Structure formats: structure tokens, C-alpha cells
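The values are calculated or read from the model by the stated rules, or taken from the named source; none is laboratory data. If you're wondering where the values come from, they're calculated on a predicted model, not measured in any experiment. Positions of Cβ are backbone-derived with ideal geometry, glycine not excepted, and every protein chain shown enters the neighbour counts. For the accessible areas, the whole protein counts, side chains as well, though only heavy atoms, and no ligand, DNA or RNA atoms are used. Shrake-Rupley method; radii C 1.70, N 1.55, O 1.52, S 1.80 Å.
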Amino acid sequence: VPSMSDPSVLPSGESCSGCGAEMQCRDSGAPGFVPAEKYRSLLSEGPAGLRGAVCQRCWALAHHGSALRLRLPPDEHRRVVSAALRRPPRHGRGPLLLYVLDVMELPDPVLPQLPALLGPDVPAAGVLVVGNKVDLLPADCRGHLGRLRQRLAAACGLAGLRGAALVDIRLVSAKTGYGMEGLVSRLQRSWKCAGDVYLVGATNSGKSTLFNTLLRSDYCKSRAPDIIDRATVSPWPGTTLNLLKFPIINPTCDRIFRRQERLKEEATKTEDQLSSEEKHYLNQLKKQGYLVGEVGRTFQQQKSSAEIDFDPDMLSYSMDEDPKDPPKKHEERKEFTHNEVKDARWCFDTPGIVKEDCVLNLLTEKEVKLVLPSHAIVPRTFILKPGMVLFLAALGRIDYLEGEKSAWFSVLASNLLPVHVTTLSNADTIYEKHTAQEFLKVPMGGEERMKEFPPLVPQDITLKGIGTTEAVADIKLSSAGWVAVTAHAEEELLLRAYTPKGTALVVREPPLLPYISTIRGARIPGTPAYRTKKPPSFVENLRTTGSR
């Protein structure tokens, strides 16, 4: 079999339009790799050949959700991000940081590292914190979003972000569009076009999805989505390897007025008034998240590419290494004019900063897809007596060792991860027998897989209940999910929680969703489980039928 790499060919100087890495065919384990034969054929098409193509890794991510193993240590990620943030300020002003975090990951491990990333010599003009993935969390009571925002504000304060440095805190779902129009309005109102904007955050916080959504919004110059390909969106840690960017639109008074008129008009519509395509799209989003919004465009040319998904097939090679004739020639590709970009302010996506002590770092691509929630989380509540054990797949275990009464354990994790309840005397046997098998699901791959997988290690936890409807704490099993513990008032519980060695187990007090144990159906007879209950979805900026 001929080698796919060719060390004799120099790198291209062109960036992959999926991840921003420089395209090359010298090293198949390094970022930006394109097989040598394909690389030469693209080069033979002239300057436009490589421009707009994607590397093998982005192609595999977009088509198969599989990440080819890359050698890119966490320090390298930090170096790229830090170097970008320390660039001399353009336009006489430091950048605005859009710090993106996954609200389910609080306390966010990367937030306290922000000051070190920036360095004392380059103060940013400010940080706007974006709490992403709120669509995945069920509402446990009225006002749950206000409480989430307070939790975020407290985390920012602990990380030293407060006062003028903290521009705002916004809750959004980059995937379903919830809160995104509000974020765009906030950016245009407060930051206008004063300087560049950097998206920063941990891997899997949804940065690339946010970048893609902003690219299709009023925040981006109207021609840009036709010219810039969207970042490769994938759950595999560290997918954005170098800096991707799009030009920010200048929010003139006229543009802001026209945008407000569009938003007002859209807010008068009911769901019944949407076209059948819009309804279908909305229903798809409702299946995925509890909170849904629409991201529209006020300024666009007649031919809109807003609905066209990132299509690596058009841009790259086919997996069988014998590419069919490309459907379109690259020569027609649009370019920015000099005037369009000479004074442009840019929005940059940066590489995700790898979280240390994170269970996702131990998992394969297939396992990561099962563990990271992609749809609205349905809470699963169990009532346990002392002497009972709860497993979350084979990634977390909680033993209820001592207590006077039963307590409620509510699991918030990907709906694809199994939960099993057993007795203390059977727990070790179940783990040994079923780990890496279908019963516990993750990790998968049998005995061979478990040879390299770290053992579960315990941590003892003492909690005191505050009442039968309010959880006292969350036991966060690294990034696999968490269990909210609800117990009778003043009741003392002794628990022992386990996560794989080298991963972080966090007791989160106060809990993220304190009343979550009340979101349940009737008890299933003869079992410790309750029937699940899925709260309804909410669509912002749409009038509910019958309201005025």
C-alpha cells in the first residue's frame, strides 16, 4: 500500500476551512493533514485548489464523527490561545473575550485560568461570559434560568472576574438558537465594532457551534457566510486547531433600526403562521432541547447560504481515495474585496482548552458520543435505602452507606447512558462482570479495553438533608453527569462516590437544579425507580396561540 504521507512536500500556506490548521501532506498525525495524492491533485488546480478544502480530520469528523488521532498536547493548545490573546491590540484597543462555558460543567475548570492565559501585560477590554447548552437542562421550577445566571456570576467572582472586567453574563444554546439574538444585540449595543472578539473556552463547551451560529447571524458581515466555511462541529475534544475568523458587521444606527424592526415583526408571529419548513425545523429543535430560539438575518443578499450546512463533500476528498469528479470547480469561489476587510474587526474562534482530570480524555470517539448529551436531558430519579448502590454506566458509582431513612437520587446525564441500582453486596460483582459490556455500555470493548482503563477510586461524602423536595448537593461524576441528592431535613447521609482514577469528582453545593427530584412520575412498583417526566419545550420570540 503506498504511503499516504510525503515528507518531501512543503506545507501549503493555506488553512483548512474546517479547523484553521495549515494544510500539509508530510505527517499524517499532525494537524492539517491531507493524503499526498489528494494534496497534489488540489495543488494542480492552482491557487484556488487548496483554498476552501478541508483536511482529512475535519472530513472524518463531519462525515463519520470520528476523529483521527492527533498529536497535540494540552500545552500546545494553551500556547496557541495565549499567543493569540497577547497580540498587540489592533485599532488601539484590547480584544473582547467571549468566554464560552458549558453550564452543566460548573464549576468550570478553565475559568480560573483566564488571567494566566491573558498575562499581566495584555489586559483584555473585558470578558463577556456565555453559559451555553441551557437547552439541555430541564426546568426544576419557575425562575430556574435566573438561578443559573446567579451560579455563573458566583463562579466568575471566584475566578476573579468582577466589576468592569465582567461585561455581562448571557445564557444561550448555540445549537437551538435560544438566547442568541439577545447575545447579538448585547454585543452590538455595548461593544459595537470597537475591536476584535475572541471566543475562548474549554473543549466541548460549544465554542465552534457558537462561532457557526454567529456566522449565520446579524453579527457577521452579510457576504461572509458565502465566503467563509463554518467551523467543524464535533464533540471530540480540541477540534478547532488554529484561529478561524469572520468579519464583524458595523452596527450603524440604520442597521440596528432595521434589525429591531425584523425582531419585532417576528415576535408577533404564532407557530401556526410559520411555513411548513419552519415548523418542521422548529419541531426538530424541540426534540433536541427544552429552550429553542430562531436566529435570523436582517442583512443578506437574495441568494442566502444561511440554510446550507457545512458540506465537506464539496470541499475535500472521498474516503475511497479515488475522488469522483468534483461537483463544482473551486474557481467560482468568492473572495472578500480589499475594501471589505481593510478596517474589519474580526471574531476569532480559538482552540478548545483541554480540561485536565476529565473523564472524556479517557474515552474513544464512540464513547464520547454516548456520554456527551445531545438531546434534552430527562431526569431519572431513584429512591435508595442505606446499603444500596447506583451505577452511571461504568463511569461513576455512588454507595449509600449510612442513614436513617431513604433518600432520593436524581441522575442528570446523557439519556443514552444506563443507570443501574443494586445492593452493596452485589455491586463489585456487577462491575467486574459487566464493565465494557452492553449492560453498563461505557466504556465498551470488553476485557481488552479495560486493561488500559483506570479503576474506579472512592471518595467519602457526608451530607445533611434539607427537605424532601430540595436537593442538598450534586455529586458530579467528572463530565459523565451528576446525581442530585435529596434527603429528609436534618438527616445525615454517609455516601461513597467513585470515578475513574485521575478524573475529578466534585460535590457541588448548592446544587444546579435543587428541585429536580420533583420532576418525576409515579413510582414503578417493585423497583427503586420513578417513571420519568419530560417538561415541555419553550420557544422564545414566538407568540403563543391566543395571546396578544
- Quick one: which residue in Ala48, Ala62, Ala116, Ala84 is over 30 Å from Leu372 (Cβ atoms), in a helix (DSSP H, G or I) and modelled with pLDDT under 80? Ala48
- Give me the pairs: first residue in the range 23-36 and assigned by the TED database to the domain that holds Cys58, second residue of a type in the set (Asp, Glu) and part of a loop (DSSP other than H, G, I, E, B), beta-carbon distance under 6 Å, and six or more apart or on different chains, which are they? Met23/Glu14; Cys25/Asp6; Ala36/Asp6
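Just checking, which of Gly396, Gly352 is touching a Gly at 6+ places or on another chain (Cβ under 9 Å), open to solvent by less than 10 Å² (accessible area, probe 1.4 Å) and under 30 Å from Cys220 (Cβ atoms)?
From the options Gly396, Gly352, the qualifying one is Gly352.
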- Note on the structure: Within the range 100-113, restricting to residues that are open to solvent by 10 Å² or more (accessible area, probe 1.4 Å) and part of a helix (DSSP H, G or I), the one that is farthest from Arg508 (Cα to Cα) is Gln113
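Do you know which residues across the range 399-419 are out of contact with any His (no Cβ under 7 Å at 6 or more places or on another chain), within 24 Å of Gly465 (Cβ to Cβ) and not hydrophobic (A, V, I, L, M, F, W, C)? Don't jump to the end; show me each part of the working.
So the first thing to find is which residues in the range 399-419 are out of contact with any His (no Cβ under 7 Å at 6 or more places or on another chain), and the list is 399-404, 406-414, 416-419.
Next, from what is left, pick out any that are within 24 Å of Gly465 (Cβ to Cβ): 399-404, 406-413, 419.
If the condition is that a residue be out of contact with any His (no Cβ under 7 Å at 6 or more places or on another chain), within 24 Å of Gly465 (Cβ to Cβ) and not hydrophobic (A, V, I, L, M, F, W, C), then Asp399, Tyr400, Glu402, Gly403, Glu404, Ser406, Ser410 are the ones that fit.
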- The correct count of residues that are over 34 Å from the mean Cα position of the chain (by Cα) and either of a type outside the set (D, E, K, R) or surrounded by 19 or more Cβ atoms within 10 Å (Cβ to Cβ) (or both) in the range 37-57 is 5
- Item | Residue check for Leu128: assigned by the TED database to the domain that holds Pro88, part of a helix (DSSP H, G or I), touching a residue at least 40 places away in the same chain (Cβ under 8 Å) and touching a Lys or Arg at 6+ places or on another chain (Cβ under 9 Å) | no
- Scan the range 230-248 and give yes if some residue there is touching a helix residue (DSSP H, G or I) at 6+ places or on another chain (Cβ under 9 Å), at pLDDT 85 or above, open to solvent by less than 20 Å² (accessible area, probe 1.4 Å) and of a type outside the set (S, T, N, Q), otherwise no. yes
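Out of Thr527, Thr503, Thr499, report the one residue that is surrounded by 14 or more Cβ atoms within 10 Å (Cβ to Cβ) and either at pLDDT below 95 or outside any strand (DSSP E or B) (or both).
Working: Thr527 fails: surrounded by 14 or more Cβ atoms within 10 Å (Cβ to Cβ); Thr499 fails: either at pLDDT below 95 or outside any strand (DSSP E or B) (or both).
Matching residue, one of Thr527, Thr503, Thr499: Thr503.
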- Query: Among the listed residues Gly521, Gly481, Gly546, Gly465, which satisfies the condition of being under 27 Å from Gly177 (Cα atoms), at pLDDT 95 or above and among the small types (Gly, Ala, Ser)?
  - Reply: Gly481
- Note on the structure: Matching residues in the range 435-455 (surrounded by 17 or more Cβ atoms within 10 Å (Cβ to Cβ) and free of Cβ contacts under 8 Å to residues at least 60 places away in the same chain) number 3
- Message: Looking at the range 148-195 only, could you name the residues that are open to solvent by less than 30 Å² (accessible area, probe 1.4 Å), in contact with a Pro (Cβ under 7 Å, 6 or more places away or on another chain) and not in a helix (DSSP H, G or I)?
- Response: Ala159, Cys193, Gly195
- For Leu97, state whether it is closer than 27 Å to Ser410 by Cα, touching a residue at least 12 places away in the same chain (Cβ under 8 Å), of a type in the set (A, V, I, L, M, F, W, C) and not in a helix (DSSP H, G or I). no
- Residue count for the range 466-496, restricted to those that are among the charged types (D, E, K, R), open to solvent by less than 20 Å² (accessible area, probe 1.4 Å) and under 17 Å from Ile383 (Cβ atoms): 1
- Do we find that Leu145 is surrounded by fewer than 20 Cβ atoms within 10 Å (Cβ to Cβ) and either β-branched (Val, Ile, Thr) or modelled with pLDDT of 95 or more (or both) in this structure? yes
- Quick one: which residue in Arg262, Arg297 is in a helix (DSSP H, G or I), modelled with pLDDT of 85 or more and surrounded by 14 or more Cβ atoms within 10 Å (Cβ to Cβ)? Arg262
- Message: Checking the condition buried (at least 21 other Cβ atoms within 10 Å of the Cβ), modelled with pLDDT of 90 or more and closer than 30 Å to Gly521 by Cα, which residue from Ile383, Ile377 passes?
- Response: Ile377
